[in-house]
1. Taking the DSSP beta bridges in the chain as the whole, what percent of them are antiparallel, to the nearest 5?
2. Could you do me a favour and compute the accessible area per residue for the chain, 1.4 Å probe, result in Å²?
3. What residue among 18, 159, 44 has its Cα farthest toward the positive end of the dipole of the chain, where the charges are +1 on Lys, Arg and -1 on Asp, Glu, each on the Cβ?
4. At 37 °C and 0.692 mPa s, grab the translational diffusion coefficient of the stretch 1-104 from Stokes-Einstein with a Kirkwood Rh over Cα pairs, rounded to a whole number in µm² per second.
5. Run through all the Cα pairs of the stretch 218-292 and give the fraction in each 5 Å bin from 0, expressed as whole percent.
6. Could you give the radius of gyration (one decimal) and Dmax (whole number) of the Cα atoms in the chain, in Å?
7. Looking at the P(r) of the stretch 123-183, how many percent of alpha-carbon pairs lie beyond 12 Å?
8. Under a point spin-label approximation (7 Å from Cα along Cα-to-Cβ), what is the residue 161-residue 224 distance to one decimal in nm?
Amino acid sequence: MQPDTTAHFVSVIIPVLNEALHVENCLNSISAQDYPASQMEILVVDGMSDDGTRDIIERMCHKDSRIKLLENKKRIVPCAMNIGIRAAKGDIIMRMDCHCIYPVNYMSTLVRKLIELKAANVGGVCITIPADDSTLCQAIAFCMSHPFGTGPSLFRIGCPTVTETDTVPFGCFRKEFFDKVGLFDEDMLRNEDEELNGRIKRQGGKIYLIPEVEIRYMARNNLSKMTRMFYHYGLWKPLVNKKVGNAVSYRQFAPPLFVIAVVLGLILGIFSSTILTLVLIILALYYAIVLIIAAIEAFKSKKPLLLLQIPITFTCMHFAYGIGYLKGFISMFGRKSLHYTIDR
């Protein structure tokens, strides 16, 4: 017998900042959910957008009374989430991202699974799609969803059955767990979900990936935005590890070690032909793998340009993450604050 999910009031919280290109489609997909309309609210927490995002949200508030606009003057995601949680009426909190389109049964399925599994948090699989039809955007989406690009993250590559995991994208939470573990950590300008999920796990909460729920995530539309995003992911990862108390995954060390090996090897290679040869072998192996992956995808999609764009994209992802991680590590142990410009 399935649990009665309609007894639960759901507060959807969506942090936004300059999302004029995405916010309407996102909100339309949420408004169309099959969850009872009287049992949900949609809190859009805006980081003082200046690109027309607020105008779109205000127009949609008039169209759907469940949508409410809140302000986030600090302009960062964890602050937006905390503003939303404090204002939320629901006993279930559902974080959503503006870059996504959600299936009509997204809310009902996650709420049902949250109750059935007695979980603290559940989430779906993230299907990364290109921002447009250009081969560059297709390369970015492909690399962001390929195990060589982001590692074997279950929420990116999927899994056959419901699986307990360490983190999920966005998430559907029991509000009561925020009383146990605290709100989102406002020191975390990135990777705030991972840090929160680490606290939930330490308190004995269970986190599950629900593979039947697929989120369509819109990738960044140029290399510059994607590179900054991965740099920031790397930058904040050491602080996550410190706060959680351990490395969530050892694969996170691959990009910084790769950067160290290449940069240090090229410098030392000036004085030693043996070291230089080793570095060139490492780079040759890396690009051999990348070119094989790119060639297969270019052949399958019949788009020869991917043979060039996929290697460039992988390189940007891995070096940006690796450099960001090293800077974050040095800053954290050097007692320096981490800062960066918010850029969506």
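1. On the way: 9 of 34 bridges.
In the chain, approximately 25 percent of DSSP beta bridges are antiparallel ones.
2. On the way: 15630 Å² over 344 residues.
Counting only protein heavy atoms, the per-residue value for the chain is 45 Å².
3. It is 159.
4. Values: Rh = 13.8 Å.
This corresponds to a translational diffusion coefficient of 239 µm²/s.
5. Spelled out per bin, shortest first, that is 3, 13, 15, 16, 18, 17, 12, 5, 1, 0.
6. So, for the chain, Rg and Dmax equal 21.0, 71 Å respectively.
7. Working: 1331 of 1830 pairs.
When every Cα pair of the stretch 123-183 is considered, 73 percent fall beyond 12 Å.
8. 4.8
The values are calculated or read from the model by the stated rules, or taken from the named source; none is laboratory data. Keep in mind the model is a prediction, meaning the values are calculated, not measured. Please note: Cβ atoms are built from the backbone with ideal geometry, for glycine as well, and neighbour counts cover all protein chains shown. Protein only, heavy atoms only, side chains kept; ligands, DNA and RNA dropped before computing areas. Shrake-Rupley method; radii C 1.70, N 1.55, O 1.52, S 1.80 Å.
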